[in-house]
1. Pairs to check: Lys5/Lys81; Lys49/Lys81; Lys74/Lys142; Lys5/Lys103; Lys5/Lys84; Lys18/Lys127. Give those whose C-alpha atoms are more than 19 Å from each other in this structure.
2. Any idea how far the Cα center of region 1-53 sits from the one of region 75-136, in Å?
3. Gaussian network model of the chain, Cα springs within a sub-10 Å range: biggest mean-square fluctuation belongs to which of Thr52, Thr19, Thr35?
4. On a 0 to 90° scale, report how tilted helix 71-82 is relative to the longest principal axis of the chain, with both axes built from alpha carbons and the result rounded to the nearest 10.
5. Report, to the nearest 10°, how far helix 18-29 tilts away from the longest principal axis of the Cα atoms in the chain, using its own Cα long axis and a range of 0 to 90°.
6. Using a simple charge model, +1 on the beta-carbon of Lys and Arg, -1 on the beta-carbon of Asp and Glu, nothing else, what dipole does the chain show about its Cα centre, in debye to the nearest 20?
7. How high is the relative contact order of region 6-148, in percent, counting Cα pairs under 8 Å that sit 6 or more residues apart?
8. Using only the alpha carbons, work out the radius of gyration and Dmax of region 1-80 in angstrom.
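FYI, it's all coordinate maths here, none of it is from the lab. Just so it is clear, the model here is predicted, and its values are computed rather than measured. Heads up, the Cβs are rebuilt from the backbone with ideal geometry, glycines too, and the neighbour counts pull from every protein chain shown.
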Amino acid sequence: MKHDKTVIGLVGMPGSGKTTVATLITQLCNGEIITMGDVVRDYLRALGKPVTRGELEKAAKELRQKMGEDAIAKLCIDKVKKSKRDVVVVDGLRSLGEFKFFKRELPVFYLVYIHAPPNERFKRLYKRAREDDPKTWEEFEKRDLEELK
């Protein structure tokens, strides 16, 4: 009897704890994490562009214009399907189109929303200091507004 892998999609604002939850799930279930934002970062690097917040937003928008609202999900699906693990966590869904795509393409797909208060998220992002993370509260608020669009 064929067993379909369980895929768990995580959604939430930047710094909400998606990666922490993904790591915990994969440790408990010997699973794998696929980070949707990494696909866009890899795309930028392949083009020789810097990985900045502005470039990430432009690249994601460009990909969605070319490939549809579910573009990033389409770019991740092969990694998900090829995973040898029984549990795969997809970190960072950003749209209803991505959710619908995964739901349609995968036999077992769950969506989990991760929430944390803005002040806690800002502290986490500031401490994480990834190249595209906000350095000021003003940048953080601007990024949140962009994310919500």
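1. As for pairs spanning more than 19 Å Cα to Cα, those are Lys49/Lys81; Lys74/Lys142.
2. 5
3. Taking springs between Cα atoms under 10 Å, the residue moving most is Thr52.
4. 40
5. 30
6. Dipole size: approximately 320 debye.
7. Reported as a whole number, the value is 42 percent.
8. Answer for region 1-80, Rg first and Dmax second: 14.5, 47 Å.
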